[in-house]
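Visitor: To start, I am sharing the structure in question, which I have written as structure tokens.
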Amino acid sequence: MERSHETSNAPVSDPAAGGGLRKTANDPAQGRLALADHCSRAWVQPGVRRHLGRSTLGEAAEHLGRGYKLALFEDKSGRYSLEAYYNELTRGGLSGKLVLVLEGDQVDLAGLRRRATSRRVLGSGNIRYTLSDADQLAAPSRRITGLDYIPYVNLDVEMITARFGSPAERIPLEAGREHWLYPDEGLDILLDPEGRELLQYVSPKDFQALVRPLYKAALKAQIKKIK
């Protein structure tokens, strides 16, 4: 499943980080080294998986800062997702967008929608709602159930394979896009030759729910190709 948030066009360099990303973007060898270091220290350690379903947004913000944005998203099928996102988070010399998906069943999230103070239709067709003041104040106590990371440097197959190994399964979509699945890690990586890659983490026990819509999308792509 691809989440409801929009990919930001934020810059790929953070001056406060010493411009490290701009250097690696122009030097493939340095980029691979920085990526491996960033991956191992920031978003693939076992600690990431341990936090899913346990740590709250408030606890995460103590480490990541409180500069996140909070919104409720509704996709075109009518499903809701509550997300806290950092449009640009720099770790290990690399910048990317980090999205924390927060707990809440559809009934609960529909209540957030009813109390929302505004809405905006995004280019994707998804709808973003601004939470009420009361719901924003309560959000830090919600547990994190998923984590998405969109690096602002393109990741190629060699980089991903070197860090994660070969996927257990690949699901091809349209336009050369492909999902690489690592169920034991609770990780789905979307490779997009025309855009940015997306890494989605969930608890391994929730992995099937994450990938179920991908099979439907792949089937639609195959049918469309045949026609």
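Please treat every number below as a calculation from the coordinates, not as lab data. None of the values given here were measured: they were computed from a predicted structure. Here Cβ is always computed from backbone atoms with ideal geometry, including for glycine, and neighbour counts include all displayed protein chains.
Visitor: With each label point set 7 Å from Cα along the Cα-Cβ vector, what nm distance links Lys216 and Glu194?
Guide: The modelled label-to-label distance comes out at 2.3 nm.
Visitor: Remind me, relative contact order of segment 171-227 in percent, using alpha carbon pairs under 8 angstrom and six or more residues apart? All intermediate terms of the calculation are to be shown ahead of the outcome.
Guide: Values: 70 pairs, mean separation 16.8, N = 57.
Contact order relative to length: 29 percent.
Visitor: Something else now. Going by average Cβ neighbours within 10 Å, how do the peptides 52-65, 110-123 rank, with the highest at the top?
Guide: Those peptides, ordered most packed to least, come out 52-65, 110-123.
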